[in-house]
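All remarks here apply to the structure that follows.
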Amino acid sequence: MKTHVSSRVLVTLAALLIASTACRKDPVRRVGMPGDRITLTISGKVLDVEVASDDPSRRLGLMHRKSLPENAGMLFMYPEPQRLSFWMKNTQVPLSIAFLDDKGAIVQIKDMAPLDERETRCDTPVRQALEVNQGWFGRNGIKVGDAFTDFQEKIQGFRAN
């Protein structure tokens, strides 16, 4: 027996689903998918940032890239605070990494050399780290203690797992 559903019924059901999702008071939190981006602002400087909030995207990071646009980076998110550790295996772009507290304040900045497989570790437990082109923070007058504007609001749609 074949069932015929009109396109009008399907459109109506889709509209109801979208409307009910938009009315939720608690936003649906999702894991960032490869390529997901947010815009972060600090001291008037704007960064276009990819979000890496699951194991596969965090493991891949910025590996195998030949370059990174000047005002771009990758935000790594983890479910629990820890002394995060990074390396530059298969990463050809020299990077600076900022370790961030839960409010988006920079607690530490370190430089990392291309293809260096030694660990770069944060001295204190954090959940977030941001990689950018090496020297970006210094060129823009950004230092430890500076904080990203509306950081919690920018990352609220993501959950780390």
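Note on 107, 51, 144, 132: ascending count of other Cβ atoms within 10 Å places them as 144, 107, 51, 132, the fewest first. Of the trypsin sites (Lys or Arg not before Pro) found in the stretch 44-115, those in coil by DSSP whose Cβ has at most 13 other Cβ atoms within 10 Å are 65, 66, 83, 89, 103.
Could you tell me which GluC sites (Glu not before Pro) in the stretch 119-161 are loop residues by DSSP with no more than 12 other beta carbons within 10 angstrom of their beta carbon? Hits after loop and neighbour filter: 119. Taking every alpha-carbon pair in the stretch 30-155 and binning the separations at 5 Å intervals from zero gives 2, 11, 23, 28, 23, 11, 2 percent.
Counting other C-beta atoms within 10 Å, which of 150, 101 has the fewest, and how do the rest follow? If you can, show how the numbers build up before the last one.
Values: 150 13, 101 16.
With the fewest neighbours first, 150, 101 line up as 150, 101.
By how many nm would the segment from residue 153 to residue 39 lengthen if fully extended, with 0.36 nm per residue of separation less the alpha-carbon distance?
Numbers: separation 114, 0.36 × 114 = 41.04 nm, distance 1.10 nm.
So the chain would gain 39.9 nm between residue 153 and residue 39.
Run the numbers for residue 70 and residue 82: contour at 0.36 nm per residue of separation, minus the present Cα-Cα distance, in nm.
Length difference between fully extended and current span is 1.5 nm.
Values quoted throughout were computed directly from the atomic coordinates according to the rules given, and no laboratory measurement underlies them. What you are looking at is a predicted structure, and each value in this text was computed from that prediction instead of being measured. Every residue, glycine as well, gets a Cβ built from its backbone with ideal geometry; the counts of neighbours run over all protein chains shown.
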